[in-house]
Amino acid sequence: MPGHVVVVGAGLAGLSAALHLQGTGRRVTVLEEASVPGGRAGTVEVGGFVADNGPTVLTMPEYLDEAFDAVGERLSDWLTLDPVVPAYRARFADGSRISVHTDAVAMEDEVRTVCGAREAVGYRELRRWLGDLYSVQREHFIGANFDSPFDLVRPELLRLAALGGFGRLESQLRRFLRDERLIRLFSFQALYAGVPPQQALAAYAVIAYMDTIAGVYYPRGGMHAVPRALAAAATKHGASFRYDATVTRLEWSGARVVAVHAGEERIACDAVVLACELPDAYRLLGKSPLRLLPRRWSPSAVVLHAATDRTWDLGHHNILFGRAWRGTFDEIVHKGRLMADPSLLVTHAQNGLHYVLAPTPNLGVGPVDWRRVGPRYRDELVRTLEARGLDGFGAAVRDEVLVTPPDWGNAAGTPFGLAHTFAQTGPFRPRNVVRGAENVALAGAGTTPGVGVPPVLISGRLAARRVDAMRSR
């Protein structure tokens, strides 16, 4: 029975794994190369503010509940989550605006007011479809470990097919909606999964369900409060954390890891969870699964953190859509070019602090010289913001931090990990166990189930299940 488990990485996946492992009676040591927990949910200082440098909202807090509950704790004792209302505010090139409400009545009224009665009826039907999609996928696909494609053969697969989950996302949305603005609002989330809406599987509409129906929340203290709380709960229940600890190698005895080496320290263990970046996990293992197709990474992003001496009429989450749509995805996903007419995400979590995200090509498809292009692109983003209603933005900036693809420090320079193409979805995604490593499980955005805060939290739970199954070996 694996008694002592070493978790490599104190991001959300590793912290979730640690708590779920503690809930099954394991002794846990977490090794993190940074000086604080959080991983991609970190912070950056700008203009006297401490800002989130990764995810900026929380959806599906029940997965956090599960992690705390594993050790008998309650989320509400560790975090205060404020609902974000509206969840999004969208501005379109024609000057129109739509606020996205998670409340069904409020959103139906908004759609009727802005887009007409016919679209309001379509929204009601869409909302029901999104709920059905999520219901059939929650435990049987999103929350399940896969050992082979045959694990897909279950009654829920037929239900998912009947719902149109294996069709294309945008095509399925057009069954319910005609207004192009609404099509954009319920499909842009596919880019988080690394796939243009026209090519994404309709099953990934569950991301829209999480964003637009289940509710959007912001933790008091920022998103970094989430990993801090998870680490504190794990520490309370006996987990040992080593920060500034870079894992250099795994020590093997046959097909089992018997110790993890971090600098001069040797930490004996009975099992390991590698919750680090997928390429780093494979490097430590000295092996990776054979794939017929090369890995395909999601697009990257440029983020401008700007502290300003004035504010504008913004919600917490704002999407500023350009006129272009289909061609913009082709530019960043296939052609490796910057969007000629970008759609931007602007987060305004604190007065005077703005987080401006522009999707860009990753370093694999877009060999952009970011040291040269970055400052010019920053100026272009400011001009775009000003043209879309944030007049005087450039002159109001008193401090800023610009993050470009090389700064993310991840594979292909993308914070979004492996794209959710069909060949990298479900049982075809890199598994959270690796052949030839009997007591090792993987967690994080690169493995099952995928990218995003809820999936990453789930991945920690699934890795803990893998370790639990090792008891019988």
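Within region 208-301, the chymotrypsin sites (Phe, Trp or Tyr not before Pro) that combine a DSSP coil assignment with at most 14 other C-beta atoms in a 10 angstrom radius are Tyr243. Test of understanding: given the chain, find the longest segment containing no GluC sites (Glu not before Pro) that are in a DSSP loop and have at most 15 other Cβ atoms within 10 Å. Here the longest run is 1-263.
Using a probe of 1.4 angstrom, how much of the accessible area of the chain is carbon and sulfur, in percent?
The value for the chain is 51 percent carbon and sulfur by accessible area.
Counting only heavy atoms of the protein chains and using a 1.4 Å probe, Val247 has close to 20 Å² of accessible surface. Of the trypsin sites (Lys or Arg not before Pro) found in region 210-310, the ones in coil according to DSSP and having at most 15 other Cβ atoms within 10 Å of their Cβ are Arg220, Lys287, Arg291, Arg310. Here is the size of region 123-248 from its Cα atoms: Rg then Dmax, 18.7, 55 Å. Charged neighbours of Gly215, selected by a Cβ distance under 14 Å, balance to -4 (K, R count +1; D, E count -1).
So if I place +1 on the C-beta of Lys and Arg and -1 on the C-beta of Asp and Glu, and nothing else carries charge, what would the dipole magnitude of region 276-418 be about its Cα centre? I want it in debye, nearest 20.
On the way: 17 positive and 15 negative charges, 133 e Å.
With only Lys, Arg, Asp and Glu charged at Cβ, the dipole is about 640 debye.
Subtracting the Cα-Cα distance of Phe166 and Ala106 from their residue separation scaled by 0.36 nm leaves 18.6 nm.
Computed with every protein chain present, the accessible area of Thr404 is close to 10 Å² [probe 1.4 Å].
The long axis of helix 104-115 is offset from the longest Cα principal axis of the chain by roughly 40 degrees. Placing unit charges on the Cβ atoms only, positive for Lys and Arg and negative for Asp and Glu, gives the chain a dipole magnitude near 1240 debye about its Cα centre.
Using only alpha-carbon positions in region 325-462, the gyration tensor eigenvalues give semi-axes of 34, 18, 14 Å once each is multiplied by 5 and square-rooted (largest first). What does the helix-only formula give at 222 nm for the chain: each DSSP H stretch with n ≥ 4 adding -39500 (n - 2.57), the total divided by the residues, and the result rounded to the nearest 500 deg cm²/dmol? Mean residue ellipticity, 222 nm, calculated: -8500 deg cm²/dmol. Entry for the chain at q = 0.07 Å⁻¹: log10 I(q)/I(0) = -0.35, Debye formula applied to identical alpha-carbon scatterers, no solvent contribution.
Send over the per residue convex hull volume for region 198-289, Cα only, as a whole number of Å³.
192
With 22 Å as the cut-off, how large is the P(r) tail for region 1-160, expressed as percent of Cα-Cα pairs? Counting pairs separated by more than 22 Å, the tail of P(r) holds 65 percent.
Here's the picture: charge each Lys and Arg Cβ at +1 and each Asp and Glu Cβ at -1 in the chain, and of Val333, Ser343, Tyr209 the one pushed furthest to the positive end of that dipole is Val333.
The values are calculated or read from the model by the stated rules, or taken from the named source; none is laboratory data. Given the structure is predicted, the values throughout are model-derived calculations rather than measurements. We place every Cβ from the backbone using ideal geometry, glycine too, and count neighbours over all the protein chains shown. We work out accessible area using only protein heavy atoms, side chains counted, and drop any ligands, DNA or RNA first. Shrake-Rupley method; radii C 1.70, N 1.55, O 1.52, S 1.80 Å.
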